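This report refers to the structure that appears directly beneath it.
The values are calculated or read from the model by the stated rules, or taken from the named source; none is laboratory data. Every value quoted in this text rests on a predicted model; they were computed, and no experiment measured them. Backbone-built Cβ (ideal geometry, glycine too); neighbour counts: all protein chains shown.
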């Protein structure tokens, strides 16, 4: 593929609700540009973008696909993303590489949850947006209703650029109303009147980007087609106009017009502000210039796993140039990387690239240190970009390898899956000894488990993770324990007098030597401390770790021959357990800080839902049509909450949580938890 300068490159992220036809539209764009000989189909499992087995099986996108191709002397890098909320990480990563966004709307469904999410994310980044109303050939397609919904939701700056001819089965073409003379070619007075209103709305939006043009528009009430076209891009870049195009991707209607629009009107890397860089050592800000002669800098925004090539890194070059068979400095890892052949992708098809320049998106395989989110640079420049803030996982499962062979392979499989998708996070819980995999939802976790099996031959059983409970005491207590063992040969003797006291939450453990008069020699006091620390690992109440306790050894007895280290460890361990059971022990459970963001209309339902999960509402913060509810909820109640939140809000609610503190488990629940834990420990012993 020939090299292109930054002014001839278009980096466009395709967003929209699942099922709106993003992948079909990408397929049609490729076909109209001559990049593929014929259009594939999602339904027939032949689309270029959805090439993974799990994508074809489910007939939906799961990973971001890069589609790089040329058209009319320009280079387009389209990033086709999944529509399901479970794969929001793909969108977050893609936004760091794109200069503009194409939002696809299903004309039969109108504004859906995924549409709103796409708009919100695009607005937060502040990049130009174009909307494509798709599936106008389908039954119940309603173009006018879609336009009204878009304007109501996204504002009057959303303006129609081309108007459909015919409806549903009679839909045949689109007419460019940026040339007002074309309106006369529409059939029917209603269509002409509606198109005229759309043209006036478009003129008003564009005029707002230029004071002189606005004055003329207010004076004359309209703009000429030439005035509109010559000022259109400025309005688009400033966010004063959001163009709406329309068509049918499967019927290939309106797609050629969209392709021309993307080339002629959407911004190049030179038209949008480059990301802010900083020197990794000093933190000093560095102005990034998208010029080939500038020092090389880039960001890895997506990692793929190819069965033949291994790991493939997609990177956006922000400045300088990168040539095949050279290398770069990974600023995030502080490591040098050698690279082989650079290449571009159309789905899974690769085209070699000898060199890539500022503004472009390119791929490289088999990097040793580099993962998604890493900043790349010339070593001297040492340019670091802001990290990609992927959302925290919302759902967790315990996973257990089915066989010893699976156990041997699981670490490598999890490493590769995590490199490909940073929102999938496996962690081994040190207390419960479980491997816990966390993701964005049921579908996300199931996809990862399936990939583990299909790609890496690892099979696992999944279940709800164990909660990492802890034990503590609420009162002072003391006990005396004598350990005496005479079974032939050397005996064992130790007597320990111990007192236990509760400590403030979060204090941990404290050991106090309060022995006077040498009743227990100092070396054996150390042995007592070892014995107590051994007892902390498994509490006497339910076998959970013990925290926030002070153990005071204040007296004891020794034997001149039989007293030894192991005897005092044993005596101290038993003395501690006896004291612990007398000191009104309780179970502690982890409490999480939970932030739930939901549309205003669901606030009552969500507060009720959190209360039913033993949550405490700590406060609320209003936003633009949404509320953030801050609450504290026991972790035990949050493992499946993502499913309930989706059900209540229709998928429009999101939440995040972080650990806050430990609290005493209510007595009506503690007994059942303790009995269950004891039964589990007994089963482990029997095994």
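For region 168-181, residues that are crowded, with 17+ Cβ neighbours inside 10 Å and free of Cβ contacts under 8 Å to residues at least 40 places away in the same chain total 2.
Residues in region 142-154: is at least one closer than 20 Å to residue 59 by Cβ and either buried (at least 22 other Cβ atoms within 10 Å of the Cβ) or in contact (Cβ under 8 Å) with a residue 24 or more places away in the chain (or both)?
So in region 142-154, the residues closer than 20 Å to residue 59 by Cβ come out as none.
No; the residues of region 142-154 include none that is closer than 20 Å to residue 59 by Cβ and either buried (at least 22 other Cβ atoms within 10 Å of the Cβ) or in contact (Cβ under 8 Å) with a residue 24 or more places away in the chain (or both).
Annotation note: of 253, 216, the sole residue that is crowded, with 20+ Cβ neighbours inside 10 Å, farther than 25 Å from residue 8 by Cβ and either modelled with pLDDT under 90 or not assigned by TED's automatic domain parsing to the domain that holds residue 335 (or both) is 253. Here residue 488 meets each of (1) more than 20 Å from residue 528 (Cβ to Cβ); (2) assigned by TED's automatic domain parsing to the domain that holds residue 571; (3) at pLDDT 90 or above with one exception, condition (3).
Close Cβ contacts (under 9 Å, 6 or more residues apart or on different chains) running from residues in region 626-639 that are touching a residue at least 40 places away in the same chain (Cβ under 8 Å) to residues that are surrounded by fewer than 20 Cβ atoms within 10 Å (Cβ to Cβ) and part of a helix (DSSP H, G or I) comprise 636/669; 636/673.
Does residue 569 meet the test of being touching a helix residue (DSSP H, G or I) at 6+ places or on another chain (Cβ under 7 Å) and more than 30 Å from residue 527 (Cβ to Cβ)?
Values: touching a helix residue (DSSP H, G or I) at 6+ places or on another chain (Cβ under 7 Å): yes; more than 30 Å from residue 527 (Cβ to Cβ): no.
No, not satisfied.
The lone criterion from (1) surrounded by 18 or more Cβ atoms within 10 Å (Cβ to Cβ); (2) modelled with pLDDT under 90; (3) over 27 Å from the mean Cα position of the chain (by Cα) left unmet by residue 575 is number (2).
The set of residues in region 481-491 being surrounded by fewer than 15 Cβ atoms within 10 Å (Cβ to Cβ) and either assigned to a loop (DSSP other than H, G, I, E, B) or within 45 Å of the chain's Cα centre (by Cα) (or both) consists of 486, 487, 488, 489, 490. The set of residues from region 460-469 being surrounded by 18 or more Cβ atoms within 10 Å (Cβ to Cβ) and in a strand (DSSP E or B) comprises just one member, 460. If you check 618, 592, which single one turns out to be surrounded by fewer than 17 Cβ atoms within 10 Å (Cβ to Cβ) and under 26 Å from the mean Cα position of the chain (by Cα)? None of the others qualify; the one that does is 618. Check region 74-86 and report whether any residue there is surrounded by 18 or more Cβ atoms within 10 Å (Cβ to Cβ), assigned to a helix (DSSP H, G or I) and at pLDDT below 90. For region 74-86, residues surrounded by 18 or more Cβ atoms within 10 Å (Cβ to Cβ), assigned to a helix (DSSP H, G or I) and at pLDDT below 90: present.
With respect to the conditions (1) in contact with a helix residue (DSSP H, G or I) (Cβ under 8 Å, 6 or more places away or on another chain); (2) buried (at least 18 other Cβ atoms within 10 Å of the Cβ); (3) touching a residue at least 24 places away in the same chain (Cβ under 8 Å); (4) within 30 Å of residue 646 (Cα to Cα), residue 23 falls short on a single one, namely (1). Kindly check whether there is at least one residue in region 663-686 that is over 30 Å from residue 500 (Cβ atoms), exposed (fewer than 14 other Cβ atoms within 10 Å of the Cβ) and under 29 Å from the mean Cα position of the chain (by Cα). No, region 663-686 contains no residue that is over 30 Å from residue 500 (Cβ atoms), exposed (fewer than 14 other Cβ atoms within 10 Å of the Cβ) and under 29 Å from the mean Cα position of the chain (by Cα).
If you go through region 533-550 and keep only what is modelled with pLDDT of 95 or more and either more than 27 Å from residue 466 (Cβ to Cβ) or in a helix (DSSP H, G or I) (or both), you end up with just 550. Listed by position, the strands (runs of 3 or more DSSP E) enclosed by region 140-185 that each have at least 1 residues that are within 30 Å of residue 624 (Cα to Cα) are 158-160.
The residue that is farthest from residue 570 (Cα to Cα), counting only those in region 502-527 that are at pLDDT 90 or above and under 48 Å from the mean Cα position of the chain (by Cα), is 504.
Residues checked against (1) without any contact (Cβ under 8 Å) to a residue 60 or more places away in the chain; (2) crowded, with 17+ Cβ neighbours inside 10 Å; (3) part of a helix (DSSP H, G or I); (4) assigned by TED's automatic domain parsing to the domain that holds residue 367:
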| position | (1), (2), (3), (4) |
| --- | --- |
| 422 | no, yes, no, no |
| 431 | no, no, no, no |
| 444 | no, yes, yes, no |
| 449 | yes, yes, yes, no |
| 453 | yes, no, yes, no |
| 479 | no, yes, no, no |
| 493 | no, yes, no, no |
| 498 | no, yes, no, no |
| 531 | yes, yes, yes, no |
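If you take the residues of region 264-299 that are in contact (Cβ under 8 Å) with a residue 24 or more places away in the chain and not in a loop (DSSP other than H, G, I, E, B), which of them is farthest from residue 126 (Cα to Cα)? Filtering region 264-299 for residues that are in contact (Cβ under 8 Å) with a residue 24 or more places away in the chain and not in a loop (DSSP other than H, G, I, E, B), the one farthest from residue 126 (Cα to Cα) comes out as 279.
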